[in-house]
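Note sheet for the following structure.
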């Protein structure tokens, strides 16, 4: 099997590497994180102009019809720059759901605007107490004429306070943990009865708590079958988990490079600390975990688009479990090799460590995916 990138993918990788190095500097990122909105509309427009926001969307709706391997190329580069813009939330998860479950009219209304960077989408699925169980949905959707009325609470919604449209999962039938009876509904963030409380997460990104109290939506806001949305949620979650693996590899690459530079320049006892053998061993451990993680992330990207749900789920869970643990080990080693400076806000090391920690917990942590892999046989 040929694992080399195509010419187009190499060009995308190189152009993003230049963008991150020249324009998305560490200091610029710090200013963006501290801004009121939490991300840069200017950068978001640049990503749209580079084709990233429509990378995997259908060509008929302004996209390029790419695959999860294309997403891997993009997110490895963005991961190296610690990009905080809501790429995963909107371009991967939100747009991915609309592309897979939406009607032609919904796709025509939402996807081109998303690809142009004019519309932000996010999935509002997680709930308090659900942990990583995608089938646990307590939010209710009851029929009201041709539409539905939504009541419930959603927790840690990525970029919920910045998104224009929330894709809300709600139960139309059955008990709280039933696999059937779950629907997806398009809800305007400013809809009557919807309240959103946004906050900053430890890695500088944003999330929100969403309350739905009698939110009315029409029939045109139902995304796919109103009682059989779990399979598409699981599929998009696997695609998102594979994308997170790619981002983790990019972050680990940059963190390793920063750490090696520090070992070469930090002086102790009249010589660079990188000359001490025990520190060299730790640096080699970081390199080994990075190389193995790179292979696992590529495998997850290749399998994320297959039709066989079992093959996709097992491969993605294996990769997410491995990347979660490797990311933690690389982050811990980098902090220890930096010494006290590793936890300061002035150096990038602490910021990469925080992002790797959050990547582990997004869409299922290492323990969850290891258990899922074992359960799938």
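Nothing in this text is a laboratory measurement; each read-out follows from the coordinates by a stated rule. Bear in mind that the values here come from a model prediction, so they are computed numbers and not experimental data. We place every Cβ from the backbone using ideal geometry, glycine too, and count neighbours over all the protein chains shown.
In the chain, the longest principal axis of the Cα atoms and the axis of helix 68-80 are about 50 degrees apart. Projected over all directions and averaged, the alpha-carbon convex hull of the stretch 337-377 occupies 3.7 nm². Helix 104-115 axis versus longest C-alpha principal axis of the chain: approximately 30°, rounded to the nearest ten. Distance from the alpha carbon centroid of the stretch 328-351 to that of the stretch 115-190 works out to 37 angstrom.
Inter-label distance, residue 285 to residue 213: 5.2 nm, where each label sits 7 Å from its Cα along the C-beta direction. Net length available on complete extension from residue 336 to residue 257 is 27.0 nm, with 0.36 nm assigned per residue and the Cα-Cα distance removed.
Computed from label points 7 Å out along Cα-Cβ, the spacing between residue 178 and residue 153 is 2.4 nm. Is the stretch 279-367 best put as rounded, prolate or oblate by its Cα gyration tensor, with a ≥ b ≥ c the root eigenvalues, rounded for a/c under 1.5, and otherwise prolate when a/b is larger than b/c, oblate when not? Prolate. Its DSSP H runs of at least 4 residues, each contributing -39,500 (n - 2.57), put the calculated 222 nm mean residue ellipticity of the chain at -16000 deg cm²/dmol, to the nearest 500. Across the stretch 79-135, counting alpha-carbon atoms alone, Rg and Dmax equal 13.4, 37 Å. Peptides 263-270, 100-107, ordered by how many other C-beta atoms sit within 10 Å of their residues on average, highest first, read 100-107, 263-270.
Separation between the residue 11 and residue 42 pseudo-spin-labels, each 7 Å from Cα along Cα→Cβ, expressed in nm? Label-label distance for residue 11 and residue 42, simple model: 2.7 nm. Taking every C-alpha pair closer than 8 Å and separated by at least 6 residues, the mean separation divided by the residue count of the chain gives a relative contact order of 15 percent.
For the chain, DSSP calls about 85 percent of its internal beta bridges antiparallel. A simple packing score, the average count of other Cβ atoms within 10 Å per residue, orders the peptides 40-53, 118-131, 313-326 as 313-326, 118-131, 40-53, with the highest score first. Computed from Cα atoms, the angle from the helix 230-265 axis to the main principal axis of the chain rounds to 20 degrees. Based on alpha carbons, the Rg and Dmax found for the chain are 20.9, 79 Å. As a calculated quantity, the FRET efficiency between residue 376 and residue 227 at R0 = 25 Å, using C-beta atoms, amounts to about 0.55.
For the stretch 22-53 and the stretch 78-103, write down the distance between their C-alpha centroids in whole Å. Result: 15 Å between the Cα centres.
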